[in-house]
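Structure first, then comments.
What follows is calculated from the coordinates using simple rules that are stated; it is not laboratory data. All figures in this text were calculated on a predicted structure; none of them were measured in a lab. Reconstructed Cβ throughout: ideal geometry from the backbone, glycine too, with neighbour counts over all protein chains shown.
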Amino acid sequence: MLNDDQLLRYSRQLLLPEFDIAGQEALAAARVLMIGAGGLGCPAGLYLAGAGIGELVIVDADTVESSNLHRQIAYREADVGQPKATALAATLQRLNNEVRIVPHQLRADEQWLATRVRDFTLVLDCCDNFATRQAINAACHAAGVPVVSGAAIRLQAQLVTFDFRRDDSPCYHCLYGDGDGPDTLCSESGILGPVVGTVGTMQALLAIRLLTGHAVDGTLHLFDAATLQWRQMALRKDPACPLCGATD
Ligand SMILES: [Zn+2]
């Protein structure tokens, strides 16, 4: 039940017929795990906290560096040297005191994810490396928890949702297999702030859509920041996938 303050606060999204009171209550009941508090996690976290998500758990092992400030928009110069998880949590708590925000300064490894992911309604993959993406994928698939995954490097970005509540959902391994070589890192290859910001914002959008009962399919969305073009690729489950193909 929304009180008068909440009806006013969330009025602009409540006006949308496809959102309405039921959407707000669904968001308030949602528990979201966000892995990564960098260029993707900052905008995603800001929009989800602003929208009135029930609980947001933020996991990131790193501290804020000055080279992060051009794209990791929740941080200020005074945050340099502070853990990202707690700095982002503090900012989001100032934005919306009603959200339960829990920061963890740690690297989400396979074991941590395997024990924790089942507690959540949705996982946001905002990390920056292939090994963690694979671990998130495996844990979410095993627990039947949907994951919205974003990535960006140079002028290219991508976005995909795997809804593991559905048996026919493809997975990250169907798409990329075991990978092909070392990670491409922003620290080596470069990134423009608005490129990663675009994808983090879209992750928040997909999260809100999914959490409010709208179907989000496993389409791979590819963004080219040089031309502003989005391309879509329909993904299908790989029957030979060692992760999701054998058991279903
Ligand atoms: Zn798969």
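In order along segment 54-61, the phi-based Karplus estimate (6.51 cos²θ - 1.76 cosθ + 1.60, θ = phi - 60°) of 3J(HN,Hα) comes to x, 9, 10, 9, 10, 10, 7, 8 Hz; Gly and Pro are listed as x.
What order do you get for ASP128, ASP168 when you list them from fewest to most C-beta neighbours inside 10 Å? Mind dumping the intermediate values first?
On the way: ASP128 23, ASP168 10.
Placing the least packed residue first, the sequence is ASP168, ASP128.
Could you put MET233, MET1, MET34 in order, starting from the residue whose Cβ has the fewest other Cβ atoms within 10 Å?
Details: MET233 12, MET1 5, MET34 30.
Fewest-to-most ranking of MET233, MET1, MET34: MET1, MET233, MET34.
For the chain, the Cα-based Rg and Dmax, in that order, read 17.4, 54 Å.
With only Lys, Arg, Asp and Glu charged, each at its Cβ (+1 for the first two, -1 for the last two), find how big the charge dipole of segment 4-234 is about the Cα centre; round to the nearest 20 debye. Numbers along the way, then the final one.
Details: 17 positive and 26 negative charges, 59 e Å.
With only Lys, Arg, Asp and Glu charged at Cβ, the dipole is about 280 debye.
If R0 equals 35 Å, the separation of the Cβ atoms of ARG236 and LEU155 corresponds to a calculated FRET efficiency of about 0.80.
Descending by average beta-carbon neighbour count within 10 Å, the peptides 36-43, 214-221 line up as 36-43, 214-221, the highest first.
Between the beta carbons of SER189 and ALA114, assuming R0 = 41 Å, the FRET efficiency works out to 0.85 to the nearest 0.05.
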